[in-house]
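Here's the structure we're looking at; comments come further down.
The values are calculated or read from the model by the stated rules, or taken from the named source; none is laboratory data. It should be emphasised that the depicted structure is a prediction, and the values quoted were computed from it without experimental measurement. Using ideal geometry, Cβ is built from the backbone for each residue, glycine included, and neighbour counts are taken over all protein chains shown. Ligands, DNA and RNA are excluded from the accessible area calculation, which covers all protein heavy atoms including side chains. Shrake-Rupley method; radii C 1.70, N 1.55, O 1.52, S 1.80 Å.
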Amino acid sequence: MTLLEIDSLSLHFRRYDRLFRHVEVEALGAISLALEAGEVLAVVGASGSGKSLLAHAILGILPKNAVLRGSLWFDGRPLDGTAQAALCGRRIGLVPQSVSYLDPLARNGDQLRWAALRAGRSQRDATRLAQPALQAMGLDPAIARDFPHSLSGGMARRLAMAIATIGEADLILADEPTNGLDPDNAARVLDRLAGFARRGKGVMLITHDLVGALPYADRVAILDGGRLIDVEPASAFSGRGDGLRSAYARALWRALPQNDFSLPEALHHA
Amino acid sequence: MQPWPRFIAFRIVRLALVLIAVALVAFALAKMSPVDPINAYLGPDIAKVGPEQRALIAAEWGLDQPVGVQFTKWLGNLLAGDLGWSVTYNAPVAEVIGTRFRTSLVLMGLAWIFSGLFGFALGIAAGAWQGGWADRLIRVYAYVLASTPTFWIAILLLMVFSVSLGWTPVCCAGPVGVLPEDVTLVERIRHLILPLAALSILGIAQIALHTRAKMIEIMRSDYVLYAQAQGASRLDIALRHGARNAALPAITVLFASLGELFGGSVLAEQVFAYPGLGRATIEAGIRGDVPLLLAITLFTTLFVSTGNTIADALYRLVDPRMADPDAVQGAAP
Ligand SMILES: Nc1ncnc2c1ncn2[C@@H]1O[C@H](COP(=O)(O)OP(=O)(O)O)[C@@H](O)[C@H]1O
Ligand SMILES: [Mg+2]
């Protein structure tokens, strides 16, 4: 079942050039992409390639000067502003890209409860659900009384995953969930995300680490400079990458250190 | 982050140094001013007193001594708890300050609380709905009033509500001719309304502007973006994240504004002839009542410095990152 469909989505930032003239700077260009329920779709791109903006466009939390064109569909219905307001926090959850997305002055447990309330739960349910939600992410329920500054990077990510899923979201957008984590903690976070997909949710795994994402991803979308280069099955990233359809993906794969740095050659052939 | 005992000790030492410095400057200013304390004391009787009698008074008050000796003697008396005698009120200075401050405290305390509550609420609303009609209204209110002198507001209020409409009394803390202890609570409140309004209007505007600026900054933060991604409404964000994160700066500004509050009360009390410490300050100045003036100066310094120290202490208490010395270590990934 197609959970999310992105149809020729483009995003521009309006900028005032001179006094009255404004120009539009492209941030995302004509992106078409679908995400199935039960799959992990990795969105891979360098820093500044527009990965976070793509997630924010889906959630409807873009800055005021952003101009969005094209269309979004969620579960077969148009995902417009009204639908976003109704679905965000309920059926679509975000795992943000840094700890600064947690309120520094609010207790961890409160932030989790608020997410449940925002998802339409009652006060009682929100309180009741908080503890199991933390435990499901391998967190000690005692951290509910602490403030975000006392969490490690890995714990903060897992708290964010608890926040993203406490409303029983069907689609999880995870923005660089392993950034700054050591391999052990990164594996724990990715394992849990893959677990969501096995239970039928759709997971968009946004990352700049192609190799780290491959064992968990079903498909890989490559983003470069705001453009979608290609979507390849994760299994095609193996050996010399001969199964990869696009030259760019092949070049990217072969340029990795463990794949003998064959960048110049690959580009020449491409 | 220094531990609490060091923080408190440091503050006490600093306060003592500030008080000594202020005492020195205030004393020097009083000595250099053209006001002659003996003339001020004699008032209309000045013509009847000959030079011998003047010398006698001067010797009695120690005015014939060198300035340094006078200062140390005054400081010594001060430390011993003797603030001197107020010729204006014909009572000990400590007693004058005590009764006057109690009267002012009601006025300043209420104005302070109103400024905090209403200013904070207005600032949060204006910042959360930036550019909306409430924001525009609050902004006009705050900018106009923040740039209007207190005495002008006070005179305007007096003209409209007391003179033209006759709703509120023209002066004082109670009806003329009634002893202060016989004034009823209703009368007290009736006499308090206008000075309180004059003083609060300005305080509210200031806190509202500060809170609005902080709130706009908060609305651009990552955690508000995250709350929006969770489907939080603007009201939800304003109450849960806005009020929480704007509270610290607002409290700090509120405590740090005690000086302005005191300055405002001097003017408001003068316009409404409200018998508080502010009015006593002006009386003491006009009458050349040096002991009272010096004591009020020191008292005000103590008052304002304590306010600033409380602001800093609250900041430490409320912000978990500042209260927890392990915070930096715990934040490691
Ligand atoms: N509010 C904005 N105004 C203008 N440009 C922006 C704005 N936000 C992001 N951008 C630009 O869009 C590009 C993509 O940003 P982002 O999606 O955050 O990249 P990343 O792939 O690292 O997550 C960046 O080059 C960034 O400078
Ligand atoms: Mg990003």
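Each residue in region B:118-143 was checked for being assigned to a helix (DSSP H, G or I) and out of contact with any helix residue (DSSP H, G or I) (no Cβ under 8 Å at 6 or more places or on another chain), and 5 of them qualify.
The set of residues in region A:41-69 being within 14 Å of another protein chain (Cβ to nearest Cβ) and in contact with a helix residue (DSSP H, G or I) (Cβ under 9 Å, 6 or more places away or on another chain) consists of A:Ala55, A:His56, A:Ile58, A:Leu59, A:Gly60, A:Ile61, A:Leu62, A:Pro63, A:Ala66.
Count of region A:184-220 residues, restricted to those that are assigned to a strand (DSSP E or B) and more than 15 Å from ligand 2 (Cβ to nearest atom), is 4. For region A:188-197, the count of residues that are within 16 Å of ligand 1 (Cβ to nearest atom) and surrounded by fewer than 19 Cβ atoms within 10 Å (Cβ to Cβ) is zero. Identify all residues within region B:201-253 that are within 13 Å of chain A (Cβ to nearest Cβ) and charged (D, E, K, R); write none if there are none. Residues satisfying the conditions are B:Lys214, B:Arg220, B:Asp222, B:Arg234, B:Asp236, B:Arg240, B:Arg244. Just name the residue that is farthest from A:Pro96 (Cα to Cα) out of those in region A:135-148 that are assigned to a loop (DSSP other than H, G, I, E, B) and more than 10 Å from chain B (Cβ to nearest Cβ). Here the answer is A:Asp140.
The condition (being of a type in the set (Val, Ile, Thr), within 16 Å of ligand 1 (Cβ to nearest atom) and modelled with pLDDT under 95) is satisfied by just one residue among A:Ile222, A:Ile206: A:Ile222. Hey, among the residues in region A:100-131 that are open to solvent by 60 Å² or more (accessible area, probe 1.4 Å) and within 27 Å of B:Leu317 (Cβ to Cβ), which one's nearest to the other protein chains (Cβ to nearest Cβ)? The residue in question is A:Arg107.
Yes/no per residue for (1) surrounded by fewer than 23 Cβ atoms within 10 Å (Cβ to Cβ); (2) within 8 Å of another protein chain (Cβ to nearest Cβ):
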| site | (1), (2) |
| --- | --- |
| A:Ser150 | yes, yes |
| A:Gly153 | yes, yes |
| A:Ala160 | no, no |
| A:Ile166 | no, no |
| A:Glu176 | yes, no |
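Of everything in region A:70-99 that's in contact with a Ser or Thr (Cβ under 8 Å, 6 or more places away or on another chain) and polar (S, T, N, Q), which residue is nearest to the other protein chains (Cβ to nearest Cβ)? Restricting to residues being in contact with a Ser or Thr (Cβ under 8 Å, 6 or more places away or on another chain) and polar (S, T, N, Q), the top hit is A:Gln97. When region A:178-201 is examined, which residues are found to be on the phi < 0 side of the Ramachandran plot and within 14 Å of chain B (Cβ to nearest Cβ)? Scanning region A:178-201 gives A:Thr178, A:Asn179, A:Leu181, A:Asp182, A:Pro183, A:Asp184, A:Asn185, A:Ala186, A:Arg188, A:Val189.
Of the strands (runs of 3 or more DSSP E) lying entirely inside region A:1-98, those containing at least 3 residues that are within 16 Å of ligand 2 (Cβ to nearest atom) and in contact (Cβ under 8 Å) with a residue 60 or more places away in the chain span A:22-36, A:40-45.
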